[in-house]
Amino acid sequence: PGVPEAPKDSRGENLPPEGRLVRPELLRWIVVDSDASSLIDINGIWVMNATIRGSIDLGDCSVAFGLSFFNCILTGVLGLEHATVERVTLYKCSLLEEFDASVIKCKGSVLVVNCKLEGRLSLFQATVGEVRIERSMLLKGMNAAEVNCDTDLRMTECQCDEVMMFANAHIGGDLFLTGSHINADAKGSPLEISGSVVGHNLLANSAGQVH
């Protein structure tokens with residue numbers, strides 16, 4: 001589904017995330033409680049214009065619907081390690097800690113657009129349908145080593161301050177790393193794609209630059 005319009009106040013302006021608090025325990029309860037999760041429709045959970053204080057612990061959970069965060073502040077870890085989920089969407093969000101989707105099984109897409117991640121984005125050994133990281137800041141880099149992506153993995157117009165790891169990845173479609181700048185000070189290559197298998201096209205125009 002497309003990204004819905006943000007909620008607005010009486011003056012027609014977007015509500016600030018600080019004005020709405022969502023407890024991470026509530027999100028976990030909706031996911032793990034069978035009665036609660038049965039009430040979620042095919043559009044999944046949308047959290048909009050909110051601050052989520054604390055870590056979202058959904059590791060090892062089976063999520064039968066999509067998770068979407070629109071214009072949110074996440075103060076803790078977004079933990080989806082070893083989880084099964086339909087899709088994950090982050091749009092115009094600020095994540096103060098890690099987004100850990102290691103070994104996740106995602107039937108649809110992992111979509112991160114116009115976000116700022118102060119912690120690392122991990123898709124280590126993840127199995128996903130599609131990955132799209134667009135116009136986002138990844139201050140601690142990205143670990144997508146050994147990821148299995150059924151279709152495309154696209155990272156476009158992003159800024160990364162540490163190493164981007166795609167070693168031994170299996171991409172069924174295209175691997176696009178376009179218009180992104182890697183400001184890594186680490187030793188070795190700022191962009192690691194050794195051992196990767198790409199089914200179609202590999203395009204790394206303007207990617208992998210060290211400043």
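The values are calculated or read from the model by the stated rules, or taken from the named source; none is laboratory data. Since the structure is predicted, the reported quantities are computational estimates derived from the model, not experimental observations. All Cβ positions, glycine included, derive from the backbone under ideal geometry; neighbour counts span all protein chains shown. Accessible surface is based on the protein model in full, side chains and every heavy atom, while ligands, DNA and RNA are left aside. Shrake-Rupley method; radii C 1.70, N 1.55, O 1.52, S 1.80 Å.
Here are a few things to note about the model shown:
- Look at the stretch 23-45: where a residue is of a type in the set (Ser, Thr, Tyr) and a partner is modelled with pLDDT of 95 or more, sitting 6+ places away or on another chain with Cβ atoms under 9 Å, you get Ser37/Ile30; Ser37/Val31; Ser37/Val63; Ser37/Phe65.
- Whichever residue in the stretch 159-179 is at pLDDT below 95 and more than 15 Å from Ile193 (Cα to Cα) and, among such residues, is farthest from the chain's Cα centre (by Cα): Gly179
- The lone exception for Asn168 - which of (1) over 17 Å from His200 (Cα atoms); (2) open to solvent by 10 Å² or more (accessible area, probe 1.4 Å); (3) polar (S, T, N, Q) it fails: (1)
- Among the conditions (1) touching a Gly at 6+ places or on another chain (Cβ under 9 Å); (2) open to solvent by 40 Å² or more (accessible area, probe 1.4 Å), Arg132 misses just one, which is (1).
- Scan of the stretch 52-64 for residues that are part of a loop (DSSP other than H, G, I, E, B) and either hydroxyl-bearing (Ser, Thr, Tyr) or open to solvent by 10 Å² or more (accessible area, probe 1.4 Å) (or both), ordered by number: Arg53, Gly54, Ser55, Gly59, Asp60, Cys61, Ala64
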